[in-house]
Amino acid sequence: STKIAHVKKVLALVLAFTMMATAGAAYTDQADIQATEAVEMLNAIGVMTGDPDGSFRPNDTITRAEACRMIYTIRTNSDNADAYANMQTTFKDVPSDAWYAGYVKHCQAANIVSGTSATTFEPNRDVTGVELALMCLRVMGYDPEKADIGGSTWSTKTIGLATEAGILD
């Protein structure tokens with residue numbers, strides 16, 4: 001459907017941004033920006049808005065918590081996840097008063113993210129391209145168990161499915 005195609009395109013842009021670490025729009029570090037069209041689109045829909053100081057930091061990495069914020073914004077068309085901040089979670093490192101609590105908890109409840117263990121999410125650790133690809137697949141409806149994504153081959157299987165789905169184009 002059109003909605004799935006739109007989500008697929010936006011998620012592909014998010015993944016491409018993370019993997020290429022490029023940016024665009026009217027930022028103080030505009031000279032460092034390479035993928036201006038992608039970032040302008042993500043900025044226009046509120047997924048990536050830059051820092052309060054007016055910079056975008058295109059060469060910086062994205063954390064696991066920031067990935068959850070982007071996914072939440074894409075899925076809900078809102079950047080306010082406060083309603084989810086007090087939800088139950090198995091992640092001991094996601095306190096309710098953290099800026100990312102609602103985003104991570106929503107994504108966990110929607111089965112979009114997994115922890116690095118049963119009780120740890122590591123919200124401030126950089127998200128890898130393969131982790132983000134798996135998050136994108138889950139947003140698109142892939143069930144990791146049914147798709148046999150797990151065990152020691154999870155990353156290889158994820159890359160194969162993400163390639164098939166076209167999100168790595």
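The values are calculated or read from the model by the stated rules, or taken from the named source; none is laboratory data. If you're wondering where the values come from, they're calculated on a predicted model, not measured in any experiment. Please note: Cβ atoms are built from the backbone with ideal geometry, for glycine as well, and neighbour counts cover all protein chains shown. Quick note on the areas: whole protein, heavy atoms, side chains included, nothing else; ligands and nucleic acids left out. Shrake-Rupley method; radii C 1.70, N 1.55, O 1.52, S 1.80 Å.
Candidates in the range 46-64 are the residues that are open to solvent by less than 50 Å² (accessible area, probe 1.4 Å) and out of contact with any helix residue (DSSP H, G or I) (no Cβ under 6 Å at 6 or more places or on another chain); of these, the one that is nearest to residue 109 (Cα to Cα) is 64. Does the range 9-31 contain any residue that is over 30 Å from residue 117 (Cβ atoms), at pLDDT 75 or above and in a helix (DSSP H, G or I)? No, the conditions are met nowhere in the range 9-31. Restricting attention to the range 103-130, the residues that are within 14 Å of the chain's Cα centre (by Cα) and in a helix (DSSP H, G or I) add up to 8.
Would you be able to say whether some residue in the range 81-104 is open to solvent by less than 30 Å² (accessible area, probe 1.4 Å) and over 24 Å from residue 46 (Cβ atoms)? Yes, the range 81-104 contains a residue that is open to solvent by less than 30 Å² (accessible area, probe 1.4 Å) and over 24 Å from residue 46 (Cβ atoms). State which residue is farthest from residue 105 (Cα to Cα) when the search covers only the range 26-45 and only residues that are without any contact (Cβ under 8 Å) to a residue 24 or more places away in the chain and open to solvent by less than 30 Å² (accessible area, probe 1.4 Å). Checking each candidate, the answer is 35. Taken across the range 140-151, residues that are under 24 Å from residue 34 (Cα atoms) and either open to solvent by 20 Å² or more (accessible area, probe 1.4 Å) or free of Cβ contacts under 8 Å to residues at least 24 places away in the same chain (or both) do not occur at all.
Exactly one residue among 59, 86 is under 23 Å from residue 136 (Cα atoms) and of a type in the set (S, T, N, Q), and that residue is 59. Considering every residue within the range 51-69, establish whether at least one is of a type in the set (Gly, Ala, Ser) and closer than 25 Å to residue 154 by Cα. Yes; the residues of the range 51-69 include at least one that is of a type in the set (Gly, Ala, Ser) and closer than 25 Å to residue 154 by Cα. Selection of the range 72-82 for residues being among the aliphatic types (A, V, I, L, M) and either at pLDDT 95 or above or part of a loop (DSSP other than H, G, I, E, B) (or both) yields only 81.
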